[in-house]
C-alpha cells in the first residue's frame, strides 16, 4: 500500500502534545489513521484534528450540585446546551459536522 507522507503544522503538533490522552492511546492512533485516510493535502493543520484540547470541564458532582433546585425541564436544557457546546468544540465550530455527530 503506497501511503503518501503527511506533515503536521506546528499548531497541529502543539495540539497533539498538549492532548491528555484520557484512557489510552487507541484514540490517538485512530485519529492519526483518520487523518492519513481523509486529509488530501500533504500538510495536516490543527483545524483538522478531532481532539479536545481544552481543559476538562467541572467534575460530575459539581455539575449535579449546580442543578439542584431546578425543574426537570431546566436541567434538561442545561445538559442539552452542554452536549451541543461540546460537539461544536470537537468539530471546531463546524455546525454541519456537529449536527452529524449528534444525530
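Just to verify a result, which residue in the range 15-24, among those that are surrounded by 10 or more Cβ atoms within 10 Å (Cβ to Cβ) and farther than 12 Å from residue 50 by Cα, is modelled with the lowest pLDDT?
Going through the qualifying residues, I end up with 21.
Of all residues in the range 1-12, which are at pLDDT 85 or above and either out of contact with any strand residue (DSSP E or B) (no Cβ under 8 Å at 6 or more places or on another chain) or in the same structural domain as residue 98 (by TED's automatic domain parsing) (or both)?
10, 11
Condition (residue is at pLDDT 80 or above and more than 15 Å from the chain's Cα centre (by Cα)) applied to the range 57-73: is it met by at least one residue?
No; the residues of the range 57-73 include none that is at pLDDT 80 or above and more than 15 Å from the chain's Cα centre (by Cα).
Name the single residue, out of those in the range 33-48 being assigned to a loop (DSSP other than H, G, I, E, B) and in contact with a strand residue (DSSP E or B) (Cβ under 9 Å, 6 or more places away or on another chain), that is surrounded by the most Cβ atoms within 10 Å (Cβ to Cβ). Talk me through it step by step, then tell me what you get.
Narrowing the range 33-48 to residues assigned to a loop (DSSP other than H, G, I, E, B): 39-42, 45.
Now drop any that are not in contact with a strand residue (DSSP E or B) (Cβ under 9 Å, 6 or more places away or on another chain), which leaves 42, 45.
Values: 42: 9, 45: 13.
Once the filter is applied, the top-ranked residue is 45.
Out of all the residues in the range 80-103, which are loosely packed, with under 12 Cβ neighbours inside 10 Å and more than 22 Å from residue 19 (Cβ to Cβ)?
80, 81, 95, 96, 100, 103
In the range 79-94, what residues are in a helix (DSSP H, G or I) and modelled with pLDDT of 80 or more?
Of everything in the range 79-94, those that are in a helix (DSSP H, G or I) and modelled with pLDDT of 80 or more turn out to be 80, 81, 82, 83, 84, 85, 86, 87, 88, 89, 90.
The values are calculated or read from the model by the stated rules, or taken from the named source; none is laboratory data. Remember, it's a predicted structure, so these values are computed and weren't measured experimentally. Every residue, glycine among them, receives a Cβ derived from its backbone with ideal geometry; neighbour counts consider all protein chains shown.
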